[in-house]
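Peer 1: The structure under discussion is supplied below as C-alpha cells; questions concerning it will follow.
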Amino acid sequence: RISQFKGSIPTEVGLLSELNYLRLSYNSFTGTAPRVLGALTKLQLLQLQSNRITEMPNMTQLDESKYNISTFVTDCGVPSAFENTPDCEDCTMCCNAYDDCYPTEKSNIANFGYGNFAAAFFACFIVICCVVALFVYRFGTSTTSTPDEDYTYALSRIGKESVYSYFVTEEPIGWLAAFATLGIQIGILVFFVMASEPKLQEDTIDIQFTWKCPRDSDVCDDKADLTKAGWAIFSLLMIAFLAKDIINGCKLIYFSSKVSTLGARIRYLIAGMGLCSITLFAFYISTVYNKAIATSNTEIIVNSVIVLFVMEMDEWIFSALEASNKKWTEHAADSESSSDSAAEKGAGIDEMQEEIAVQKEHIADQQVELEMLRSQQEELMLRLDQVARQNDEIKMLREAVQKMETESPASESIRQSPANESVTTHIAESEDTSSDIDAGEDGTMNEAEEEDEHQKDETVLQ
C-alpha cells in the first residue's frame, strides 16, 4: 500500500469494479488522478495524500459509513507544496505540506458561514429586543422616578467609564464616538470570524491542522491536547468577564420601556441592545475561533484573553477622551458627583439618626436618675421636719425642767437626783444628735429610735 511509486496513476485501475480499498498515500505520483476512480461504486476508502497529484476526481459514490472522515484523504490543505492548492469537494480530510490534516466535515453553521450566521442571529436579536420592549411598554407600568434619576440609573447600567455611556445622553458627537467604537470592535472581531472559516484551500485561515494520517494506519487521529477541562475553563473565564455586561444590557433594555419620555426610551433601548450585541458577539467569536485553532488547554485561555482584550477598547477610548479634555466626559463626572453627594447626604442622615437615638437613651437615663433624686429629696425633707419637731419638744422639756428647778423647794435634791441627771444627760445627747443632723454629717435618726427616746423623756419628766 505504501511504496515509492512514481508517475501518474494508471487509468486501468478503473477496471477493478470490485475494488473497495485503495491507499496510494506517501508515494510520488504526479499529474491528475484518473476520473475512472469515480466509477468504482464499491470503493470505501481512497487515500492519496503526500503525493504530487494536482487534480482530484469527483468521488460522490464513496461510502463513508466504515472509515468516516478517513474515507477520502488528499493534499488539499494549506500550506501546500503546490503553487495552487488542489481543490477537492468530496474529500473528507485535507492534508498540507507538513502531513498535518484537518477534516472537511462542516457543521450546519459552518456551511451557512460563521459571518452570515452572526449577522442573521443579531438581526433576530434586535427584533426580539424591540418586541420585548414594546410588550413591556404596552402592558407594564411606568417608573415614578424623575428623568434625572432615570438618567443616573441608565448611566450606571451602561458604565460610567465607557464610551458607550454617550448612548444615554443627547450629545450627537458623543453618539458618533460610541458608534465609531462599536464599529471598530466589530471590525476587529470580524477578522477572527474570517480566520475561523473552514476554507482549507485559503492561506488566510488560522485553522490548526491537528490531525495525522500515519503511514502505518488507514485511520486518521486528532493529536490536539485540548480537553473538556480546557473548554470548562474557557466557559468560566468568558462568563466571569462578560456576564456583567450582558445582565446590565438586558436590564437597560427592560428599563427603556418603563421610562416616561420617548427620547429617553429610544436612547436607553439602543444602549442596551448595543451592549448586549457586542458582548454576545465577543462570546460567539471566541468560541468559534478557539474551536478552529486551539490545540491545548493553555492555548484556549490565551485566545480568550485576546478577545476579552478587544472588549476593553470602549474604556480605553473613554480614558483617552477624558485625558484629552475633561469637558468631553462631564456627563459621567456630573452623575458621579451627584450620586456621591446623595450618598454622602444619606450617610449624614444615618449618622444623625444614630446620634439622636443615643441622645434619647441618654435623656431617658437622666430622667430616671432625676426621679430618684426627687424621691430622696422628699425623704430628706420629711426627716428634717421630724428633727425640727424633736428640737421643739426638747426645748419645751428644757424649759419645763428649769421651771421645776426654780419653783420647787426640792430643786437641789431634784438636781442631784439620778432622774434629773438622766434627763439632763438625755437632753444633752438629744442636743448633740440634733446638732449632728443640722451639720449634715450622718443624716437623720431612725424613726423607731426617736419614738423610743421621746417616750423616755416623758417618763423622766413625769
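Peer 1: So which of F112, F121, F179 is within 32 Å of the chain's Cα centre (by Cα) and closer than 28 Å to E299 by Cα?
Peer 2: F121
Peer 1: Let me ask you something else. Has segment 19-33 got any residue that is open to solvent by 80 Å² or more (accessible area, probe 1.4 Å) and touching a residue at least 12 places away in the same chain (Cβ under 8 Å)?
Peer 2: no
Peer 1: Further question: What is the one condition in (1) modelled with pLDDT of 90 or more; (2) of a type in the set (G, A, S); (3) surrounded by 15 or more Cβ atoms within 10 Å (Cβ to Cβ) that A195 does not satisfy?
Peer 2: Failing condition for A195: (1).
So that you can scan it fast, the table gives a plain yes or no per residue for (1) open to solvent by 20 Å² or more (accessible area, probe 1.4 Å); (2) under 24 Å from P103 (Cα atoms); (3) among the hydroxyl-bearing types (S, T, Y); (4) in contact with a His (Cβ under 6 Å, 6 or more places away or on another chain):
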position	(1), (2), (3), (4)
D216	yes, yes, no, no
C250	yes, no, no, no
G263	yes, no, no, no
R267	yes, no, no, no
I278	no, no, no, no
S286	no, yes, yes, no
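Peer 1: From the list D385, D432, D350, pick out the single residue that is at pLDDT 55 or above and over 60 Å from the mean Cα position of the chain (by Cα).
Peer 2: Result: D385 is the single residue among D385, D432, D350 that is at pLDDT 55 or above and over 60 Å from the mean Cα position of the chain (by Cα).
Peer 1: Please pick out the residue among S304, S335 that is modelled with pLDDT of 85 or more and of a type in the set (G, A, S).
Peer 2: S304
Peer 1: On to the next question. Count, please, the residues in segment 312-323 that happen to be closer than 14 Å to A177 by Cα and either more than 27 Å from the chain's Cα centre (by Cα) or of a type in the set (G, A, S) (or both).
Peer 2: Looking only at that region, the number is 2.
Peer 1: Name the residue that is most open to solvent (accessible area, probe 1.4 Å), counting only residues in segment 80-112 that are within 16 Å of C213 (Cβ to Cβ) and among the β-branched types (V, I, T).
Peer 2: Among those that are within 16 Å of C213 (Cβ to Cβ) and among the β-branched types (V, I, T), it is T104.
Peer 1: Moving on to the next point. If the requirement is being free of Cβ contacts under 8 Å to residues at least 24 places away in the same chain, within 23 Å of Y137 (Cβ to Cβ) and not in a loop (DSSP other than H, G, I, E, B), which of these qualifies: I270, I253, I266, I246?
Peer 2: Just a single option satisfies the conditions, and that option is I266.
Peer 1: Please work out if A292 is among the hydrophobic types (A, V, I, L, M, F, W, C), touching a helix residue (DSSP H, G or I) at 6+ places or on another chain (Cβ under 9 Å) and at pLDDT below 90.
Peer 2: Yes: the conditions hold for A292.
Peer 1: Please state which one of T204, T227 is among the β-branched types (V, I, T) and either open to solvent by less than 30 Å² (accessible area, probe 1.4 Å) or without any contact (Cβ under 8 Å) to a residue 40 or more places away in the chain (or both).
Peer 2: T204 is the lone residue from the list that is among the β-branched types (V, I, T) and either open to solvent by less than 30 Å² (accessible area, probe 1.4 Å) or without any contact (Cβ under 8 Å) to a residue 40 or more places away in the chain (or both).
Peer 1: I would also like to ask the following. Within segment 41-62, restricting attention to residues that are polar (S, T, N, Q) and buried (at least 21 other Cβ atoms within 10 Å of the Cβ), which residue is nearest to G7 (Cα to Cα)?
Peer 2: Residue satisfying both the conditions and the ranking: N51.
Peer 1: From the set of residues in segment 290-332 that are among the polar types (S, T, N, Q) and in a loop (DSSP other than H, G, I, E, B), which is most open to solvent (accessible area, probe 1.4 Å)?
Peer 2: The residue in question is N325.
Peer 1: Within the set of pairs 6 or more residues apart or between chains, which connect a residue that is touching a residue at least 12 places away in the same chain (Cβ under 8 Å) and closer than 15 Å to L46 by Cα inside segment 87-110 to a residue that is hydroxyl-bearing (S, T, Y) and surrounded by fewer than 18 Cβ atoms within 10 Å (Cβ to Cβ) with Cβ atoms less than 7 Å apart?
Peer 2: Filtered contacts from segment 87-110: D90/T60.
Peer 1: Does segment 63-79 contain any residue that is at pLDDT below 85 and open to solvent by less than 40 Å² (accessible area, probe 1.4 Å)?
Peer 2: The answer is no, given that none of the residues of segment 63-79 is at pLDDT below 85 and open to solvent by less than 40 Å² (accessible area, probe 1.4 Å).
The values are calculated or read from the model by the stated rules, or taken from the named source; none is laboratory data. Keep in mind that this is a model prediction, so the values were computed, not measured. Positions of Cβ are generated from backbone atoms using ideal geometry, with glycine treated the same way; all protein chains shown enter the neighbour counts. Note: areas computed on protein heavy atoms with side chains; ligands, DNA, RNA excluded. Shrake-Rupley method; radii C 1.70, N 1.55, O 1.52, S 1.80 Å.
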